[in-house]
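What follows draws every value from the coordinates through simple rules; no lab data is involved. Just so you know, these numbers come straight off a predicted model, no measurement behind them. In this analysis, Cβ positions are derived from the backbone assuming ideal geometry, glycine residues included, and neighbour counts consider all displayed protein chains.
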């Protein structure tokens, strides 16, 4: 087992190192084969470990990393039910993204740099998934931030891409600071950084300590998973290549935050206040992301705000004490969101890099394969009954509703209302792109893509639809396999059981409202064929503009964070540093210079003058001594 897990981590890292050191001397085909093979090898090893050990918990020490006095950190791996599922998902989705990237990046010159960071990205996420101590996990945590910065800003000559990369790096660093403080807290209170030791000692934590540590972990997760109020980096991250967007949203960066909360759920559940805070942030982000997606016209930004909203459901699951359904939704989201992004990438390249959905249109007739692929992802994202997204999202809503506290009933109501917006914005996108007539001035012939570019998307389409079978509820005569499989992990709370009648009622309400909103989306965007959106009331126009701008969250940061910081920096620089400190130093230097200029007049070189000065000095010194003696 040691060898399997070591190689599982090593293949992506070795691929990145080989590409970094020798990539420029390799042919393009060799670079692509090396990058894809390393990820596929990791997937095979993850599958092997899953089949051989399943959910059995294993602690493995690879080697000593470093030691300072009595403090020692090893490269430890912790393999259990949750990490086994996560490793399988990460390597599977990343493998498809790598293969897809070969075709998508076929005309790009920086392919060595691209595949090098893509391999390193997967390695960093696998470190987060399999790390056995917080120091090793923090290495992967920081590495995913570095890789996201490099890949989002891959087209760095473009100002928008370079700015988006910097923004993602800086905003997520705000959460990384909290994680660093949390690691120090764990060392102080547990005496060790081992994840297994933290799980065992979490029950004995004082309520205040558990609350502080839980809030630090929450803030760290908010930054990485783009939840409110640190969600501003993710929409701008769409400036990077589309396969990078798929990997960030489905399998790596965004899922790292919520996975952190699931991994340390024993600490989270020790503080009801922290659980309520997580659930509140989750619901607020669900609503924010869905509302912001309603008015977007850029296809990638719609999917970006959708990711912000869907990850909010995962936070809500953790806050409701049901991380198993949170993991279920994480899996189904990985399948349908990677499918949607990669299909969107095909459509964008086909239409000469066009991303405005109102400039697309007519793809149902010209590209029927895109129609069926995107439909599979849209159905699951909208939680249409019997799709994977339907079962995973309803499991979360069920867990929230069954919480005994009245506050969670209020959160459930808000989440239900927000869930009605999801089919509206996703099928708005679907109907506009596939059912509306193409614009008359499109003119240019569609780009012909490599046929095998879409081959790898069909497994994702199938999994998007049938992933509900992984955790089919008991009222559907399912065995809830994922819930029972994850029950062996110490970081998964007890499953809240509902009566079959209650499950049917809640699922019927959710499914019925979803189908109703699909019908509304068809009436608004599918049955009419105007070239431009129809005139709207002033109130609707203002809301649309506000939604299009992400409710001005960027402007709020600019006005209340960035601008005050810059003004304070300017004041300290111009008023304090230059006008006070520099001026004082300059004045002191000029005073010394003036004194030196006057003393210089005494250095004439005449011996008689020097003897006179010596005699004068001795006389003054003698007078001083006599004065002191006389005073005594």
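Quick look at the values:
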read-out	value
Rh by Kirkwood over Cα pairs, then Stokes-Einstein D for the chain at 0.890 mPa s and 25 °C, µm²/s	91
P(r) of segment 1-268 over all Cα-Cα pairs, binned every 5 Å from zero, in whole percent	1, 6, 13, 17, 18, 17, 13, 9, 4, 2, 0, 0
Shape metrics for segment 65-114, restricted to C-alpha atoms - Rg then Dmax, Å	18.3, 53
Rg to Rh, two decimals, where segment 569-631 supplies the alpha carbon set and Rh follows Kirkwood	1.35
Net lengthening on full extension, residue 610/residue 29 (0.36 nm per residue, minus Cα-Cα)	200.5 nm
Per residue, the convex hull volume that the Cα atoms of segment 216-348 enclose (Å³)	83
Highest to lowest packing among 595-608, 423-436, 305-318, 392-405, scored as the average C-beta count within 10 Å	305-318, 423-436, 392-405, 595-608
Ellipsoid equivalent to segment 271-533 - semi-axes via the Cα gyration tensor, in Å	34, 19, 16
Segment 386-526 - Kirkwood radius from inverse mean 1/r over Cα pairs (Å)	18.0
Amide N of segment 51-73 lying under 13 Å from the label point, which is placed 7 angstrom from the Cα of residue 2 along Cα→Cβ	59-64
Additional length obtainable on full extension of the chain from residue 187 to residue 173, 0.36 nm per residue less Cα span	2.9 nm
Relative packing of peptides 188-200, 164-176, 569-581 - highest average C-beta neighbours within 10 Å first	164-176, 188-200, 569-581
Residues 567, 409, sorted so that the one with the fewest Cβ neighbours within 10 Å comes first	567, 409
Kirkwood-Stokes translational diffusion coefficient of segment 296-402, alpha-carbon pairs, 20 °C, 1.002 mPa s, µm²/s	147
Two-site label geometry, residue 601 and residue 565: point separation in nm, points 7 Å out along Cα→Cβ	5.5
Bins of 5 Å from zero: percent of alpha-carbon pairs in segment 23-109	3, 13, 16, 15, 14, 12, 12, 10, 5, 1, 0
Efficiency of FRET between residue 386 and residue 593 - r from beta-carbon atoms, R0 56 angstrom, step 0.05	0.05
Inter-centroid distance (Cα atoms) of segment 416-489 relative to segment 57-78, Å	41
Förster-model FRET efficiency, 35 Å R0, residue 488 and residue 455, C-beta, rounded to 0.05	0.45
Sum of -39500 (n - 2.57) over DSSP H runs of 4+, divided by residues of the chain (222 nm, nearest 500)	-22500 deg cm²/dmol
In degrees, nearest ten, helix 421-434 long axis to first principal axis of the chain (Cα)	70
Ranked 453, 273, 626, criterion: other C-beta atoms within 10 Å, fewest first	626, 273, 453
Near-label residues of segment 344-377 by backbone N, under 17 Å of a point 7 Å along Cα→Cβ of residue 107	345-356
Descending principal axes extents, segment 130-216, alpha-carbon based, whole Å	53, 25, 15
Segment residue 515-residue 556, length gained on full extension (0.36 nm per residue, minus Cα span)	11.2 nm
Proxy reagent accessibility, fewest Cβ within 10 Å first, across 258, 144	144, 258
C-alpha long axis of helix 368-381 to longest principal axis of the chain, angle in °	70
Debye equation applied to the C-alpha atoms of segment 375-445, log10 I(q)/I(0) at 0.15, 0.16 Å⁻¹	-0.61, -0.66
Computed over segment 549-601, Kirkwood Rh from alpha-carbon pairs, angstrom	14.1
Calculated FRET value between residue 197 and residue 409, using beta carbons and R₀ = 35 Å, to 0.05	0.40
Rounded to 10°, Cα long-axis angle of helix 406-419 versus longest principal axis of the chain	70
